[in-house]
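Data block below; observations after.
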Amino acid sequence: MSLPAAVVSVLFSGAPALADLKLCNRMSYVVEAAIGIDDKAATATRGWFRIDPATCRVVVQGQLTADRVLLNARALGVYGASPIPQNGTDTLCVAQDNFVIAAARQCRAGQTPAQFTQITPTQGDDGNLTAYLAEDSEYDDEQARLAAIQRLLVIAGYDAAPIDGVDGPKTQGALSAFLKSRGLASDIVQSPTFFTAMVDAVQKPSSSGLTWCNDTPHKVMAAVATDDGKVVTSRGWYRVDPGKCLHPDVTGAPKQIYSFAEAVDGDNRTIKVKDKPLNWGGLTQLCTRESTFEINDQGDCANRGLAVTGFVPVDMTSGGKTLRFAMP
């Protein structure tokens, strides 16, 4: 779930410096960043560095003598489908979990290629180098933090829209209701661990809406579809990490919701158990594709270069449904 190259605010820093390099997040997402260090003939990558909204994190300490510094960033799986695909020009290797890869232009087992963007951080008065991750909204720190709270509240099913970084009674009421329902004290909002607590709470099963929970040791990629009586829209992929739950962003009041999910390995290949793909679906044939998608026309999938995938209808008559993905 990568973020766009354009979100990185880049100002040239000049010659290599005896300084730390830090990344600052002015997005409405909790992100994980990976950096690439390109030094003459060698290119190394390292990640993932988690960075909460309105915070900074040092990713390189001491002297930085690289010819180029590159960046890839992804949103946490709790946000569902990627905000916008990465469109960098350098393809380097990453791993799903924390990693250091010395030769990052030739991927090995357990590593996958990802698009990196060259960045040129700005040098501050203290000599340190800084690069900013930002959205088109151009939030400042305070706005980014509030917009990030609003976004998580909406994912959890609370009415905090629009996600605009502007405070008001609607946002505060939704936040208070969320904290109360999750048994969280009001003063946790000022804690440096607030976003960790909020993400953890959002990932727990909910009594309303659709929840996916991954009880397998594998990463699960899931897709959701909605039928509003006129159009059936399929959307994916959502990453559900092992031991985590996720609420896909289903809006409005669809007449029917459908679900499909499959377990994949570190190279995003389908896991098989006794020669059968480990997936959770049904007989309703809908269109998907390998990369992130939102498809409104479900006809003639194959001839349009799309995959045909079997979804299962989800019974939402009780107002909420938790689908648990487990090993057979």
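Along the Cα-to-C-beta direction of Asp300, a point sits 7 Å from the Cα; which residues of segment 216-256 have their amide N less than 18 Å from that point?
Only 232 fall inside the zone, counting backbone N under 18 Å.
Cα to Cα, under 16 Å, and not fewer than 8 places away if on the same chain: which aspartates and glutamates meet these conditions relative to Lys22?
Correct list for Lys22: Glu32, Asp52, Asp125, Asp126, Asp141.
Taking amide H positions as placed 1.01 Å from N in the peptide plane, with prolines and chain starts having none, which residues 5 or more places from Met27, or on another chain, fall under 5 Å of its amide H?
Ala54
When ranked by the protection proxy of mean other Cβ atoms within 10 Å per residue, highest first, what sequence do the peptides 179-186, 143-150 form?
The peptides rank, most packed first, as 143-150, 179-186.
Could you go through segment 223-240 in sequence order and give the Karplus-derived ³J(HN,Hα) for each residue, using 6.51 cos²θ - 1.76 cosθ + 1.60 with θ = phi - 60°, rounded to whole Hz, and x for Gly and Pro?
9, 10, 9, 10, 10, 8, x, 10, 10, 9, 10, 9, 8, x, 9, 9, 8, 10
Roughly how many nanometres apart are two label points built 7 Å out from the Cα toward the Cβ at Thr322 and Ser191?
Each label point lies 7 Å from its Cα, and together they span 2.1 nm.
Over the chain, give the accessible area per residue in Å² for a 1.4 Å probe, as an integer.
With all protein chains present, the chain gives 49 Å² per residue.
Highest mean first, how do 244-252, 273-281 rank when packing is the count of other Cβ atoms within 10 Å averaged over residues?
In decreasing order of mean packing, 244-252, 273-281 become 244-252, 273-281.
Return a whole-number percent for the relative contact order of segment 165-256, with Cα pairs under 8 Å and 6 or more residues apart as the contact set.
26
State whether the chain is rounded, prolate or oblate according to the following rule on the C-alpha gyration tensor (a ≥ b ≥ c being the square roots of its eigenvalues): a/c under 1.5 gives rounded; otherwise a/b larger than b/c gives prolate, and the remaining case gives oblate.
Oblate.
What number, rounded to the nearest 500 deg cm²/dmol, is the helix-based mean residue ellipticity at 222 nm of the chain, given -39500 (n - 2.57) per DSSP H run of at least four residues and division by all its residues?
-3500 deg cm²/dmol
Using a 1.4 angstrom probe on heavy atoms only, work out the carbon and sulfur share of the accessible area of segment 194-328 in %.
48
Taking θ as phi - 60°, what are the ³J(HN,Hα) couplings along segment 293-310 by the Karplus curve (6.51, -1.76, 1.60), each to the nearest whole Hz, with x for Gly and Pro?
Running phi through 6.51 cos²θ - 1.76 cosθ + 1.60 with θ = phi - 60° gives 8, 9, 10, 9, 10, 9, x, 6, 4, 4, 5, 9, x, 10, 8, 9, 10, x Hz.
I'd like the orientation of helix 141-155 relative to the chain: the angle between its Cα long axis and the longest Cα principal axis, in ° from 0 to 90, rounded to 10.
Taking the Cα atoms of the chain, the angle to 141-155 is about 20 degrees.
What distance in nm separates the two pseudo spin-label positions at Ala41 and Lys255, each 7 Å out from Cα along the beta-carbon direction?
The two pseudo-label positions are separated by 6.5 nm.
What's the local net charge at Val78, with K and R +1, D and E -1, over the other residues with C-beta under 15 Å away?
Neighbour charge sum, excluding Val78 itself: +3.
Under the rule a/c < 1.5 gives rounded, and otherwise a/b versus b/c splits prolate from oblate, where does segment 190-328 land using the Cα gyration tensor?
Here segment 190-328 falls in the oblate category.
Cross-link list Lys244/Lys272; Lys170/Lys244; Lys244/Lys321; Lys219/Lys274: which exceed 25 angstrom alpha carbon to alpha carbon?
Going by Cα-Cα distance, Lys170/Lys244 fall outside the 25 Å limit.
Using modelled backbone amide H atoms (1.01 Å from N, in-plane), which distant-in-sequence or interchain residues come within less than 5 Å of Ile271's amide H?
Close amide H contacts, sequence-distant or interchain: Ala263, Val264, Asp265, Leu278.
Check the straight Cα-Cα distances from Lys230 and name the lysines below 18 Å, setting aside those fewer than 8 residues away within the same chain.
Lys255
Please give the Cα centre distance for segment 287-302 versus segment 58-118, rounded to the nearest Å.
28
The values are calculated or read from the model by the stated rules, or taken from the named source; none is laboratory data. The structure presented is a predicted model; accordingly, all values stated were derived computationally and were not measured. Cβ atoms come from the backbone with ideal geometry, glycine included; neighbour counts cover every protein chain shown. Quick note on the areas: whole protein, heavy atoms, side chains included, nothing else; ligands and nucleic acids left out. Shrake-Rupley method; radii C 1.70, N 1.55, O 1.52, S 1.80 Å.
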